[in-house]
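To start, the structure itself, in structure tokens.
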Amino acid sequence: MTFQWLSRGACVVVCAAIVAGCSLRRVVVNDVIAPPQVAFIQTGATTMPQVVAQLGAPDEILESEFGLATLYQWSDTKASGVDFGFIARFFSPYSPSMTLARTGIDMEQFHVHYDSQGVVRTFGFTRHEPVRPLLWFWPF
Amino acid sequence: MTKTYAVVFIMATLLLTQGCVVTRGTLGEPLREESIAQIKKGVSTTSEVVALMGAPERIVRGNDREIFQYYYYDGKSPALLLLVLNLVRMEVKSDNLYVFFGRNGLVEEVLYSKRTPNVEFKLWPFGD
């Protein structure tokens, strides 16, 4: 019985030690638009109302030389950090800050350019970075 | 006896919610769907749209048209700030309305989508 309680206590201490000093932050803006969602768009055929019916109203409309351009924007920003100063909390009233942290801000866009008649002229995604892990604190 | 239960309940609530942070932020005013429904293509004028929706947040010109943009952002962010571990997540979504006016000053097209009802207080930072 005593051994069981001791092993449970040790498990809690180990779990606390593993996550000690960790900080995980995530900011998600708007819904992600994936390539399969835009497969219906055909250059020279699809119109702006048809695009909006499928994807919703864009976040921005710009004027280009040939017609209007619509922008859909979204981001999934992940930040994590470890404060190694937490170790000092166990034996010192003062815990210095020794933090390693990293943030990956991924602002992504999907552009649709229309001609003067409001028909899709061209469309595409901005450069897409590989999906970053959430636990990603090493800054070097 | 009831007093003891109340004190225990308050203490338990304080213990369970310590380290919790719940934040909400909005930008702009919510777009009222009943007002948007009153905007009629080929009928409504700029002044009628302004009377219904207020002045637009942005005006874009393109293709000989004037486009009024209205937006509303809603963000929800729960956080758990414990002694050894911090978890923070924030979700932001937007509602957008575009009203296209032709050279005659009448509404040609209305583009609208509402995403803010899908914003949730999600704490767990992993997954979707």
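Here are a few things to note about the model shown:
- Selection of segment A:61-75 for residues being facing another protein chain (nearest Cβ under 8 Å) and either surrounded by 20 or more Cβ atoms within 10 Å (Cβ to Cβ) or in a strand (DSSP E or B) (or both) yields A:I61, A:L62, A:E63, A:L68.
- For A:Q109, the conditions (1) more than 12 Å from every other protein chain (Cβ to nearest Cβ); (2) free of Cβ contacts under 8 Å to residues at least 40 places away in the same chain; (3) closer than 30 Å to B:V110 by Cα; (4) not in a strand (DSSP E or B) all hold with the exception of (4).
- Residue ID - nearest to the other protein chains (Cβ to nearest Cβ), chosen from residues in segment B:70-128 that are touching a strand residue (DSSP E or B) at 6+ places or on another chain (Cβ under 8 Å) and in a helix (DSSP H, G or I): B:N118
- Out of A:I41, A:I87, one residue alone is surrounded by 14 or more Cβ atoms within 10 Å (Cβ to Cβ), out of contact with any Phe, Trp or Tyr (no Cβ under 9 Å at 6 or more places or on another chain) and over 18 Å from B:R115 (Cβ atoms). It is A:I87.
- Among the residues listed as A:V12, A:V52, A:V29, the single one being without any contact (Cβ under 8 Å) to a residue 24 or more places away in the chain, at negative phi, buried (at least 18 other Cβ atoms within 10 Å of the Cβ) and among the β-branched types (V, I, T): A:V52
- Residue count for segment B:109-128, restricted to those that are polar (S, T, N, Q) and modelled with pLDDT of 90 or more: 2
- Annotation: of all residues in segment B:30-51 being free of Cβ contacts under 8 Å to residues at least 60 places away in the same chain and assigned to a loop (DSSP other than H, G, I, E, B), the one that is farthest from B:R65 (Cα to Cα) is B:R32.
The values are calculated or read from the model by the stated rules, or taken from the named source; none is laboratory data. These figures come from a predicted structure and were not determined experimentally. Cβ coordinates were reconstructed from backbone atoms using ideal geometry, including for glycine residues, and neighbour counts include every protein chain displayed.
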